[in-house]
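Chemist: Take a look at the following structure, please.
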């Protein structure tokens, strides 16, 4: 969703007119026109104005700074968060025998559980996608993490895959990647 669409969504949710928002952010009585331009995507407010808009709408400014227009942006954010916090996400692939069954009762490989503070195990919370493109990219991420954990690839190779993603994507084995990332398949400057 674009910044403008987010502004419009929150403004309407707050039952605020464009004119009222314009006044609150210091654009004066004629500020509705500028707010409309932001919402339509004709203009993009600078960061200081985004902060004023967020304050006027009573939401954190991060709602407007996060790039989430494309699936790749969302996944790239998750990939980089995972790089910095490698134990935060656990990725698993459902049992093959469950494929195609009612997704309300999917059995995870290894009956995934999470160790909580205090040493108690709790069932894992699972996110899956009904979108084929999202699913295949998340499956590839799970495969790369499994390869890293089992030492089939090095941390350097995993980082190279991350740095070159999505060009390094092989869509979980469905195609050849546009950019090679395994040490024996690339050298600095190759494929540029």
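Every number here is computed from the coordinates shown, using simple stated rules; none is lab data. Computed from a predicted structure; not experimentally measured. No Cβ is skipped: glycine too gets one built from the backbone with ideal geometry, and neighbour counts run over all protein chains shown.
Chemist: Just rank 17, 94, fewest to most, by other beta-carbon atoms within 10 angstrom.
Modeler: 17, 94
Chemist: Could you please rank 38, 158, placing first whichever residue has the fewest other Cβ atoms within 10 Å of its Cβ?
Modeler: So the residues, fewest neighbours to most, are 158, 38.
Chemist: Quick one: pull the percentage of alpha-carbon pairs in region 3-65 with a separation above 16 Å.
Modeler: Tail of the P(r) past 16 Å holds 31 percent of the pairs.
Chemist: Same structure, new question: Could you pull out which residues in region 162-179 have an amide N less than 17 Å from a spot 7 Å beyond the Cα of residue 70, following the Cα-Cβ vector?
Modeler: 162-171, 178-179
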